[in-house]
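Scroll down for the structure; my scribbles are underneath it.
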Amino acid sequence: MTNNTNRLHIGLFGRRNAGKSSVLNCLTGQQLAIVSDTPGTTTDPVRKSVEIPGLGPVVLIDTAGIDDVGELGVQRVRKTQQAMKQVDIAIIVCSHNLFDKEEDQLIKKLQQFKIPIIILHNKSDEQPANETFINELKSRYKVDFVDFSAKTGQNLDRVIQLLRQNIPEGFNRKPSLFGDKIKAGDIVLLVTPIDSEAPEGRLILPQVQAIREAIDHHCIAIVLKETEVADFMRRTALSTGSPLKPALVITDSQLFGKIDKMIAPDIPLTSFSILLARQKGDFKAYLNGTPHIDKLQDGDRILLLESCTHHSTCDDIGRVKIPRWLQEYTGRRLEFDVVPGLAEPPRPIHEYALVIQCGGCMITRKQLLNRLQPGIRANIHVTNYGMAIAYIKGSWKRSVELFNGDIKS
């Protein structure tokens, strides 16, 4: 499976028949999208993972027209609006010097998510952009503009140049999982349970990323199941004359209580999910929001965001375990909505008392932060699966104390 979580996501937005699909084909040099003069050819957003010369590996998202009509058209526009939250750069495609209220509303929504915007005037071979049109748009929106022809490839180099210039600051500087907390030669102990939720024949992505991080920092990575930890510690103590003292222990959040008792209190202990929260989420918001668990009341509704789709089991962490543990811990009658993938919540965000986001290993940092923003803007408390579990299980302080120094008020 191709991992797109670290690729630049570029969205193509605009009216029907502005030539968004033609632009996609021109950018890639391939006939990846169906092109037709019939309005509404593109329905649901279409994602293509490609290599663009001069830009590298990207994900292009071709969307339905923002001016679509009818019952199905309204649904298509809603899908297009959802796609806005998933992109790092937006290309607004227009043509024939037409840029009206639909495009204006589109820009305002994209700017809410602080997404860099390029206005691409397509079909310049039929009608070039006039100077008044160009100057007005540049002045009004303060964004880059390019006159372009998907048919002839006119100004393709300029489009690539503008995309490179608009890559969000820090996009290629992925925050560390824990590399800044260890040094070469340190021992990192990774406790990786293999239970009913574990994928067949492989480790989950956060576990693989943690192993790679340890190796990249020239550390010694020791990987064990939770059932082997006590025996391993005992054997190393017998062979060396003193207990092994890892620089860091990383475990599954569900095992905090168990592993906490096995690992000396002066050894840093955290979880894979909390590491992802630090790398990809709004860690400060999580730290502030997690203790709100103690303030939940009867009838409060909790939103759980999975951010991926998977087969649900009787031990599913988001759908079964966390709801059960929350009600047991608080003693309250709580209501829960679980939303997989990047779908919209079934209710207005203000109806929730708490939002709990998964680690987000299968989505980009931008997508995860955009997913949290409606709740944060509405002053809804947010947390993360691993941080919520650590709080419920009584391991909150120890699980995050390694990172307390990172957070500035």
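The values are calculated or read from the model by the stated rules, or taken from the named source; none is laboratory data. Quantities reported herein were computed from a predicted structural model and do not represent experimental measurements. Counting neighbours? That spans all protein chains shown, and the Cβs are built from the backbone with ideal geometry, glycine included. Side chains are part of the model used for accessible areas, which takes the heavy atoms of the whole protein and leaves out ligands, DNA and RNA. Shrake-Rupley method; radii C 1.70, N 1.55, O 1.52, S 1.80 Å.
With a/c under 1.5 counting as rounded, go ahead and sort region 356-405 into rounded, prolate or oblate using the C-alpha gyration tensor (a ≥ b ≥ c being the square roots of the eigenvalues; past the cut-off, prolate if a/b is larger than b/c, else oblate).
prolate
Over region 211-293, with the other protein chains present, what is the accessible area per residue in square angstrom, probe 1.4 angstrom? Present the calculation step by step, with values, prior to reporting the outcome.
Numbers: 3770 Å² over 83 residues.
I get 45 Å² per residue for this part.
Loop-only trypsin sites (Lys or Arg not before Pro) in region 366-409, please: DSSP not H, G, I, E or B, and at most 15 other Cβ atoms within 10 Å.
Within region 366-409, the qualifying trypsin sites (Lys or Arg not before Pro) (loop, at most 15 other Cβ atoms within 10 Å) are K408.
About its Cα centre, what dipole magnitude does region 306-409 give when the only charges are +1 on Lys and Arg Cβ and -1 on Asp and Glu Cβ, stated in debye to the nearest 20? Walk me through the numbers on the way to the answer.
Values: 14 positive and 10 negative charges, 54 e Å.
Using Cβ point charges on Lys, Arg, Asp and Glu, region 306-409 gives about 260 debye.
What FRET efficiency, computed as 1/(1 + (r/R0)^6) with R0 = 56 Å and r the Cβ-Cβ distance, is obtained for H218 and Q161, rounded to the nearest 0.05?
0.90
For D157, D62, D67, what's the largest-to-smallest order of accessible area, 1.4 Å probe?
Numbers: D157 130, D62 0, D67 35 Å².
Reading off the accessible areas and sorting them downward yields D157, D67, D62.
So, counting K/R as plus one and D/E as minus one, what does the shell of residues with Cβ under 9 Å around G19 add up to?
+3
Quick one: dipole size for the chain, taken about the Cα centre, charges +1 on Lys/Arg Cβ and -1 on Asp/Glu Cβ, in debye to the nearest 20.
The dipole of the chain has a size of about 760 debye.
Using the Kirkwood formula on the Cα atoms of the chain, what hydrodynamic radius do you get, in angstrom to one decimal?
On the way: mean 1/r = 0.0426 Å⁻¹.
It works out to 23.5 Å.
Rounded to the nearest 10 Å², what accessible area does V69 have for a 1.4 Å probe in the complete protein model?
100 Å²
Separation between the K295 and D406 pseudo-spin-labels, each 7 Å from Cα along Cα→Cβ, expressed in nm?
2.4 nm
Given a 1.4 angstrom probe, I'd like the percentage of the accessible area of the chain that is carbon and sulfur, rounded to a whole number. Working shown, then result.
On the way: 9560 of 19400 Å².
Ligands and nucleic acids excluded, carbon and sulfur give 49 percent.
Test of understanding: express the Cα radius of gyration of region 262-395 as a ratio to 2.2 N^0.38 Å, with N the residue count.
1.00
Quick one: ranking R235, R15 by accessible area, 1.4 Å probe, largest first, what do you get?
Largest accessible area first, the residues go R235, R15.
Simple spin-label model, 7 Å along Cα-to-Cβ: D100 to Q112 in nm?
The modelled label-to-label distance comes out at 2.2 nm.
With a 1.4 Å probe and all protein chains in place, put S149, S273 in order of accessible area, largest first.
The residues order as S273, S149, largest area first.
Could you work out the local net charge near A230, counting Lys and Arg as +1, Asp and Glu as -1, over the other residues with Cβ closer than 14 Å to its Cβ?
Working: positive: K225, R234, R235, K258, K261; negative: E226, E228, D231, D260.
With Lys, Arg at +1 and Asp, Glu at -1, the neighbours total +1.
Using only the Cα atoms of region 77-158, build the gyration tensor, take square roots of its eigenvalues as a ≥ b ≥ c, and label the shape rounded, prolate or oblate: rounded if a/c is under 1.5, else prolate if a/b is larger than b/c, else oblate.
Prolate is the answer for region 77-158, as a/c is 1.5 or above and a/b outweighs b/c.
With unit charges on the beta carbon (Lys/Arg positive, Asp/Glu negative), name the residue among F145, L224, I182 whose Cα is farthest towards the positive pole of the charge dipole of region 140-259.
The Cα lying farthest towards the positive end belongs to F145.
In region 70-164, which trypsin sites (Lys or Arg not before Pro) fall in coil by DSSP and have 10 or fewer other Cβ atoms within 10 Å? Don't skip to the answer; put the middle values down first.
Working: sites: R76, R78, K79, K85, K101, K108, K109, K114, K123, K138, R140, K142, K151, R158, R164; in loops: K114, K123, K142, K151.
Sites meeting the loop and neighbour criteria: K142.
How many Å² of accessible area per residue for region 72-118, probe 1.4 Å?
Details: 2040 Å² over 47 residues.
Accessible area per residue: 43 Å².
Using only the Cα atoms of region 187-258, build the gyration tensor, take square roots of its eigenvalues as a ≥ b ≥ c, and label the shape rounded, prolate or oblate: rounded if a/c is under 1.5, else prolate if a/b is larger than b/c, else oblate.
It is oblate, given that a/c is not under 1.5 and a/b is not larger than b/c.
Rounded to the nearest 10 degrees, what's the angle between the helix 101-112 long axis and the longest principal axis of the chain, both from Cα atoms, 0 to 90?
With both axes taken from Cα atoms, the answer is about 20 degrees.
Given the whole protein assembly as supplied and a 1.4 Å probe, what does the accessible area of M362 come to in Å², nearest 10?
90 Å²
So which lysines can K261 reach, going by Cα to Cα under 21 Å and dropping same-chain residues fewer than 8 places off?
K261 reaches K225, K245, K393, K397.
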